[in-house]
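The structure under discussion appears below in the form of structure tokens.
The values are calculated or read from the model by the stated rules, or taken from the named source; none is laboratory data. Only a predicted model underlies this, so the values are computations on that prediction, with no experimental measurement involved. Positions of Cβ are generated from backbone atoms using ideal geometry, with glycine treated the same way; all protein chains shown enter the neighbour counts.
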Amino acid sequence: MDWIEVVGVIAGVLTTSAFMPQAVRTWRTQSARDFSLGLLVLLIAGNSLWLAYGVLKGSTGLVAANLVTVPLTTYLLAVKVRRG
């Protein structure tokens, strides 16, 4: 793994970690009321495209980060749609 990929892996760990407290809070409260529906839809679309890009480029950092972030964001969207 070259240094550029290391930078990508670190960036993925940091951005995914920053998102985790919101996912945990939503899990505990079973409410995603504070999230905008538009935000969640755009995040899922954007992170899905980053995932595809990472696969196409063979970037371990992009793939790993977005394999975690896309399902977490999809969970938040599901809670938002079901419970508000």
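For first residues located in segment 55-84 and surrounded by 18 or more Cβ atoms within 10 Å (Cβ to Cβ), partners that are among the charged types (D, E, K, R) and lie 6+ apart or on another chain with Cβ distances below 8 Å form the pairs Ser59/Glu5; Gly61/Glu5; Lys80/Arg33.
Scanning segment 36-54 for residues that are free of Cβ contacts under 8 Å to residues at least 12 places away in the same chain, part of a helix (DSSP H, G or I) and not hydrophobic (A, V, I, L, M, F, W, C) yields Gly38, Gly46, Tyr53.
Taking the condition among the hydrophobic types (A, V, I, L, M, F, W, C), within 14 Å of Phe19 (Cβ to Cβ) and not in a helix (DSSP H, G or I), does Ala65 pass? So Ala65 fails the test.
Okay, residues lined up against (1) more than 14 Å from the chain's Cα centre (by Cα); (2) modelled with pLDDT under 95; (3) of a type in the set (Asp, Glu):
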residue	(1), (2), (3)
Val6	yes, yes, no
Asp34	yes, yes, yes
Leu42	no, no, no
Gly58	yes, yes, no
Thr69	no, yes, no
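Here is the figure for segment 1-29: residues that are outside any helix (DSSP H, G or I) and surrounded by 11 or more Cβ atoms within 10 Å (Cβ to Cβ) total 0.
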